Amino acid sequence: QILTMTSDFGLLHPQPGKVAAYNCNAVEFCAATLQKSVFGSRTMEEMITTELLSAINAEDGLVLPNNMQVSGYGGGMSMSSRDLARLGLLLLADGRWKETRLVPSEFAREAMRVQVPRTASLSSSCGAE
């Protein structure tokens with residue numbers, strides 16, 4: 001529910017799965033968890049660039065505002081339209097780029113399915129009450 005923005009992570013009166021709202025606290029939690037358990041001494045930017053973007057021949061790279069390391073991912077990441085299109089093609093190809101599998105096919109399918117339950121109401125909250 002954290003990744004689908006239906007967790008109500010950090011809210012005073014949570015109702016997990018009932019409301020869909022972008023949640024800055026959840027994004028920060030995920031970023032910190034990934035940094036600690038997966039990336040080690042590398043930043044998220046280094047990981048994404050070396051393990052994924054270079055493999056799909058991204059031309060413009062990833063941009064993080066204010067040189068963010070772990071905290072601050074709620075501020076977002078951005079990339080050019082052509083590099084984002086390459087990521088889209090990777091997902092449409094079931095996680096394969098040319099002859100190489102870059103992401104598991106299950107991940108590619110999950111990334112493209114509807115993530116928020118149709119019964120969830122929408123909120124403009126950013127994880128603060």
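Overview of values
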read-out	value
Exposure rank, largest accessible area first [PHE29, PHE107; 1.4 Å]	PHE107, PHE29
Positive minus negative residues near ARG42 (Lys, Arg vs Asp, Glu; Cβ under 14 Å)	-2
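The values are calculated or read from the model by the stated rules, or taken from the named source; none is laboratory data. Everything numeric in this text was worked out from a predicted model, so none of it was measured. A quick note on method: Cβ atoms are made from the backbone with ideal geometry, for glycine too, and the neighbour counts reach across all protein chains shown. These accessible areas exclude ligands, DNA and RNA; they are computed on the full protein's heavy atoms, side chains included. Shrake-Rupley method; radii C 1.70, N 1.55, O 1.52, S 1.80 Å.
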